[in-house]
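The values are calculated or read from the model by the stated rules, or taken from the named source; none is laboratory data. In this text, all values refer to a predicted model and were calculated from it rather than measured experimentally. All Cβ positions, even for glycine, are placed from backbone atoms using ideal geometry, and neighbour counts span all protein chains on display. Heavy atoms of the whole protein, side chains included, go into the accessibility calculation; ligands, DNA and RNA do not. Shrake-Rupley method; radii C 1.70, N 1.55, O 1.52, S 1.80 Å.
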Amino acid sequence: MYDLDKTPPAIVMKSPENNSIIADSTELEFEVTDNYGLASILFVRDGNETEVEADFTVDVSDWPDGPSEFAVIAEDSVGNQAEQTYRIRVDRTPPQVDLLGPADGDTSDVHVNFEYRVLDDYDEEMDCRVFVDDVELQQHTAQGGVETGRSELLAPGDITWRVQCVDDAGNSGESDTRQVTVVDLTGPDIVDNSADKVFRGDPITISLVVTDISGVDAVEAEI
């Protein structure tokens, strides 16, 4: 009696996914299994073969920027062979962040609209942050190559602003820093807080909130 083994080894790249864009700090993780027993496992890249164990990792820190192709070849104890080819792209290039407005030395109303554009070699969406006087205002997602605007209500005075963006590989890109003078050019903001309903009879309460970055001196209501 004997067992007939026609099943080749199973090769799995556990992390990252095939065709991923990764940082050079990312390790490739592999697992090779067989229903009876493994005889040899080879990691092959650029014509170089390296013998590895059933569970192994690969350091890509010295790989060049851009795409790389490699393979894992496994053979079991009775000669069944399996081969898997993979591709990944190492990305060490940070995003390019260009400020569009307001320009350096400009004057802006207290409702400041910060406009910028971010570009990256591979990433279409990036996490970006607007900093005013080195204080982060907000984190948001920006589309690569698309003009992005973030409006903020700021107190009058001289400020500096910049934008920082991070791509999927963890590369961080930062714009230059600009100086802007903020002045109060608009009147108070009036918000109607009245309930949205039909009133019958007296009394009727109308609720309005009046605010201004420079303070509200007086309010008049006319009905």
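Some points to look at:
- Scanning the range 103-126 for residues that are more than 24 Å from residue 22 (Cα to Cα) and assigned to a loop (DSSP other than H, G, I, E, B), we see that the one that is modelled with the lowest pLDDT is 110.
Residue-wise test of (1) charged (D, E, K, R); (2) farther than 30 Å from residue 184 by Cα.
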position	(1), (2)
36	no, yes
43	no, yes
64	no, yes
69	yes, yes
75	yes, yes
100	no, no
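- In summary, residue 100 fulfils each of the numbered conditions (1) out of contact with any Phe, Trp or Tyr (no Cβ under 6 Å at 6 or more places or on another chain); (2) open to solvent by 20 Å² or more (accessible area, probe 1.4 Å); (3) assigned to a strand (DSSP E or B); (4) touching a residue at least 40 places away in the same chain (Cβ under 8 Å) with the single exception of condition (1).
- Subset of the range 103-122 [crowded, with 20+ Cβ neighbours inside 10 Å and more than 30 Å from residue 189 (Cα to Cα)]: 118, 120
- When the range 193-210 is filtered for residues that are open to solvent by 70 Å² or more (accessible area, probe 1.4 Å) and modelled with pLDDT of 70 or more, the ones remaining, listed by number, are 193, 203, 204, 205, 206, 208.
- Top-ranked residue of the range 66-83 - restricted to ones that are open to solvent by 80 Å² or more (accessible area, probe 1.4 Å) and out of contact with any Phe, Trp or Tyr (no Cβ under 8 Å at 6 or more places or on another chain), ranked as nearest to residue 7 (Cα to Cα): 81
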